[in-house]
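The values are calculated or read from the model by the stated rules, or taken from the named source; none is laboratory data. Keep in mind it's a predicted model, so treat the numbers as computed, not measured. Glycine gets a Cβ as well: all are built from the backbone with ideal geometry, and neighbour counts include every protein chain shown. When the accessible area is computed, the model is the full protein with side chains, heavy atoms only, and any ligands, DNA or RNA have been set aside. Shrake-Rupley method; radii C 1.70, N 1.55, O 1.52, S 1.80 Å.
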Amino acid sequence: MTTIASLKKGQRAIIGEMNSEEIPLKLLEMGCLPGNEVELIQVAPFKDPLYLNINDTFLSIRKDTARLINVELIEDE
Amino acid sequence: MSKQINVALVGNPNTGKTSVFNNLTGLNQKVGNYPGITVEKKEAVIKLSRNLKAHILDLPGTYSLNATSLDENVVIELLLNKNDKDYPDVVVVVSDIENLKRNLLLFTQIKDLGLPTILAINMADRMDRKGIQLDIDLLEKRLNTKVNLISARKNEGFDALKQSISAYQNISLEPCLDASSIDKTYFESLQKAYPDQDLYKLWLVITQDVNFGKTNRNRISSESGFKPKSDSEIKQLQQKETIKRYQFINNTLKETLTKDLALATGLRAKIDRLLIHKVWGYVIFLSILFLIFQTIYDWSTYPMDLIDETFLVLSEFVKDNFPAGMLSDLISEGVIPGIGGIVIFVPQIAFLFLFISILEETGYMSRVVFLMDRVMRKFGMSGKSVVPLVSGTACAIPAVMAARNIESWKERLVTILVVPFTTCSARLPVYLIIISLVIPNERWLGLFNYQGITLMLLYLLGFGTAVASGWLASKMLKIDFKSYFVVEMPDYKLPIFKNVVYTVVEKTKSFVFGAGKIILAISIILWVLASYGPTDKFDNADDIVKSSTDLSRVTDEELETEISSFKLKHSYIGYAGKAIEPIVTPLGYDWKIGIAIISSFAAREVFVGTLATIYSVGNEDEQTIKSRMSAETNPILGGPLFTFASGISLLLFYAFAMQCMSTLAIVKKETGTWKWPLVQLFGMSGFAYVVALIAFQALK
Ligand SMILES: Nc1nc2c(ncn2[C@@H]2O[C@H](COP(=O)(O)OP(=O)(O)O)[C@@H](O)[C@H]2O)c(=O)[nH]1
Ligand SMILES: [Mg+2]
């Protein structure tokens with residue numbers, strides 16, 4: 001299963017169903033919703049947290065949370 | 001008679017609410033706290049037209065009406081409570097043109113409460129550069145409200161905004177989303193149970209209880225046939241509501257907003273590449289800290305010397321020109337040195353806040369949070385703990401409050417516990433005066449000042465101890481917690497000059513009038529305690545000293561000194577100091593320093609003022625605080641009192657001891673129990689005593 005945590009730097013993906021109750025509501029409010037696009041901008045030194053662009057909002061979340069969000073990769077042509 | 005309306009400024013964090021507030025109100029703002037909690041409350045009254053005034057309230061930033069923190073709770077409590085004296089007649093939602101989509105979520109929620117809600121879109125100055133175009137007329141139609149494009153940076157659009165506020169009664173109250181579409185059956189039964197309540201308000205009261213503890217559980221009970229849902233069902237409905245709102249917003253913006261994506265992210269990416277680089281990122285962060293501390297030290301010296309001299313001259317002036325007597329003594333020896341002991345910190349505090357507010361304003365702080373999160377987690381804290389730890393260099397009180405942004409309770413508690421180790425500005429005067437007495441004012445490699453280096457080492461020691469004790473605390477605390485961390489990474493911006501100035505003025509003012517009051521009061525009390533004694537030995541000091549000395553062998557001057565030190569010894573404060581002398585002697589201090597340490601428990605910065613007061617009582621010579629201190633001799637060892645050993649011991653004592661009543665009070669408030677402040681008081685102070693003891697005994 002692909003999640004945000006397994007994205008590589010620069011990769012983009014579409015957010016899938018969000019089922020886990022552990023996902024903070026705040027993240028949804030910031031635009032992390034099914035169907036929206038997510039891009040991994042940068043990974044912090046020591047590989048955590050992740051710096052993302054979700055739906056034009058730039059934010060950073062920890063790997064633990066990123067693992068909960070399923071995505072589908074957008075293949076580059 | 002002119003009418004006054006209530007206007008509330010609401011918006012996501014970082015949309016420029018405070019800048020907009022500053023622009024609307026100028027410097028006539030009032031800063032206080034919400035009753036019972038320590039969330040900052042900023043308000044001001046302005047004139048909109050000849051017979052309309054507006055009371056403007058800057059509310060804490062929030063992403064939605066689903067509050068998860070005390071700050072956000074303030075917003076929703078106000079908007080749900082018609083009886084609150086601040087309940088708004090009109091709400092202005094401040095949003096940021098670049099994040100309009102996200103900002104509109106909050107807007108639609110507030111509009112659905114049935115309040116007149118104006119949308120103020122800020123940062124219009126950035127539209128060109130980012131290739132953004134917006135159809136305002138269409139947006140007004142779709143959102144059914146007044147939309148104002150403004151720029152706090154350029155001070156544009158504010159007249160129009162004020163007009164929209166004045167005409168608030170014309171704004172439609174039509175909701176954006178039909179609440180019952182979230183879950184038909186549930187909302188219909190809810191409405192049936194409470195027919196005369198606003199449906200969306202009811203829903204918010206319910207979600208509020210779920211989000212924010214059970215305090216208001218009983219506001220909506222399960223009576224009248226209404227079947228409540230479980231917490232997890234409600235959470236799912238909240239998700240559904242959010243998705244529905246975003247559908248509405250996306251549709252609206254598709255019609256009204258166009259963005260040239262190529263222009264959007266160039267600068268951010270370039271600066272990020274450097275500032276969050278795995279090596280350079282840390283190098284730059286440390287260099288910035290180093291530079292800040294060197295600069296504060298260098299820049300403050302001149303104004304501080306000047307202030308010191310000025311108050312000295314003032315004291316002398318009063319002494320020479322007022323009729324001699326108790327009042328003149330009180331003013332020249334108690335009040336003026338006391339006030340001087342407050343004013344002398346103003347330069348450093350101002351410079352420190354200058355730098356902190358620039359770092360916040362530019363968007364750099366969030367990068368530091370991002371860089372430091374993994375590291376800080378090793379020590380039981382969060383990347384967000386960096387902000388409290390850095391603001392701790394100003395004052396532990398706002399720093400403890402800043403820890404509220406940390407989502408996990410354990411990380412937050414650890415941060416609160418260790419923040420008082422960071423070097424707050426109250427320690428700075430103590431450090432500065434002792435450093436200037438015991439560390440040579442010379443340059444190392446002709447470049448770095450030894451005194452500056454010592455100061456920086458003390459700051460690093462503060463951070464180091466904070467971090468190390470964080471590790472210890474996280475190992476000892478048994479608290480289950482979920483790691484949860486969401487940080488916005490704002491765009492880089494040049495700081496707005498006005499915002500920086502207001503922050504500096506406000507923080508300095510709150511220091512001068514807040515801490516200053518305590519310092520002044522203590523200085524006066526100390527002066528009284530040092531100027532009177534319990535026995536007649538004090539009153540007859542002249543005779544006693546004269547009869548016990550061979551008058552032909554001493555000069556008048558020596559006799560004077562002899563008398564005044566005899567008096568001090570037999571004053572109230574002298575007896576108190578003598579009582580604790582055995583405890584402080586092993587650390588290399590005399591009883592006068594002991595007194596200063598005791599009075600430091602009210603506030604550390606009292607230390608210098610206390611010594612100044614004690615040493616100046618009965619002292620006719622014109623001397624600065626520093627020269628008086630360097631003239632003191634050690635009563636037991638002989639030689640100067642402030643040596644390298646006793647100086648270092650004092651520095652370490654002040655670095656570690658918990659000596660601030662206000663911090664203890666705020667920790668009690670934030671953690672809800674006296675347990676944690678007591679742990680700090682005894683843990684930190686005990687540690688400080690041991691370290692200072694070892695240092696003095698090893699170095700002497
Ligand atoms: N370019 C631009 N930047 C702004 C404007 N208004 C505020 N800012 C910047 O946005 C950031 C956040 O501002 P602030 O007033 O503290 O926002 P608050 O968190 O909503 O109170 C600061 O860096 C400001 O300098 C504006 O009109 N234009
Ligand atoms: Mg603000």
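Observations
- Residue list for the stretch B:144-182, filter: on the phi > 0 side of the Ramachandran plot and within 34 Å of the chain's Cα centre (by Cα): B:155, B:157
- Qualifying residue in the stretch B:660-673 (condition: in a helix (DSSP H, G or I), more than 18 Å from the chain's Cα centre (by Cα) and buried (at least 21 other Cβ atoms within 10 Å of the Cβ)): no
- Once the stretch B:74-126 is narrowed to residues that are of a type in the set (S, T, N, Q) and farther than 21 Å from residue B:197 by Cα, the residue that is nearest to the other protein chains (Cβ to nearest Cβ) is B:99.
- Of the residues in the stretch B:340-348, not one is within 16 Å of ligand 1 (Cβ to nearest atom), in a helix (DSSP H, G or I) and not assigned by TED's automatic domain parsing to the domain that holds residue B:517.
- Applying the condition of being open to solvent by 10 Å² or more (accessible area, probe 1.4 Å) and more than 12 Å from ligand 1 (Cβ to nearest atom) to the stretch B:1-23 and asking which residue is farthest from the other protein chains (Cβ to nearest Cβ) yields B:1.
- Options B:415, B:423, B:362; residue that is of a type in the set (S, T, N, Q) and either within 14 Å of another protein chain (Cβ to nearest Cβ) or surrounded by fewer than 20 Cβ atoms within 10 Å (Cβ to Cβ) (or both): B:362
- Candidate set from the stretch B:633-659 (those that are of a type in the set (Ser, Thr, Tyr) and at pLDDT 80 or above); member that is nearest to the chain's Cα centre (by Cα): B:654
- Whichever residue in the stretch B:445-499 is within 16 Å of ligand 2 (Cβ to nearest atom) and not in a loop (DSSP other than H, G, I, E, B) and, among such residues, is farthest from the other protein chains (Cβ to nearest Cβ): B:498
- Looking only at the stretch B:426-457, and only at residues there that are small (Gly, Ala, Ser) and surrounded by 20 or more Cβ atoms within 10 Å (Cβ to Cβ), the one that is farthest from residue B:397 (Cα to Cα): B:452
- Test: residue in the stretch B:49-57 that is touching a residue at least 24 places away in the same chain (Cβ under 8 Å) and within 16 Å of ligand 2 (Cβ to nearest atom): yes
- Residues that are assigned to a loop (DSSP other than H, G, I, E, B) and touching a residue at least 12 places away in the same chain (Cβ under 8 Å) were ranked within the stretch B:627-650; the one that is farthest from residue B:690 (Cα to Cα) is B:632.
- All conditions but one from (1) of a type in the set (Val, Ile, Thr); (2) modelled with pLDDT under 90; (3) within 40 Å of the chain's Cα centre (by Cα) apply to residue B:185; the one that does not is (3).
- Of the residues making up the stretch B:58-97, those that are among the acidic types (Asp, Glu), more than 16 Å from ligand 2 (Cβ to nearest atom) and open to solvent by 30 Å² or more (accessible area, probe 1.4 Å) are B:77, B:84, B:89.
- Within the stretch A:15-29, the presence of a residue that is open to solvent by less than 20 Å² (accessible area, probe 1.4 Å) and polar (S, T, N, Q) is excluded.
- Note on the stretch A:36-66: residues that are open to solvent by less than 20 Å² (accessible area, probe 1.4 Å) and either facing another protein chain (nearest Cβ under 8 Å) or closer than 19 Å to residue B:277 by Cβ (or both) total 14.
- Residue under evaluation residue B:140, criteria (1) part of a helix (DSSP H, G or I); (2) more than 11 Å from ligand 1 (Cβ to nearest atom); (3) closer than 19 Å to residue B:63 by Cα, criterion not met: (3)
- Complete set of residues in the stretch A:17-35 that are more than 7 Å from chain B (Cβ to nearest Cβ) and under 11 Å from residue A:59 (Cα atoms): A:32
- Selection of the stretch B:134-172 for residues being in contact with an Asp or Glu (Cβ under 6 Å, 6 or more places away or on another chain) and polar (S, T, N, Q) yields B:144, B:151.
- Criterion (at positive phi, within 16 Å of ligand 1 (Cβ to nearest atom) and not aromatic (Phe, Trp, Tyr)) met by exactly one of B:61, B:114, B:26: B:26
- Residues within the stretch B:271-318 that are open to solvent by 50 Å² or more (accessible area, probe 1.4 Å), over 25 Å from the mean Cα position of the chain (by Cα) and away from chain A (no Cβ under 13 Å), tallied: 8
- Test result for residue A:69, crowded, with 23+ Cβ neighbours inside 10 Å, within 17 Å of residue B:484 (Cβ to Cβ) and more than 7 Å from chain B (Cβ to nearest Cβ): yes
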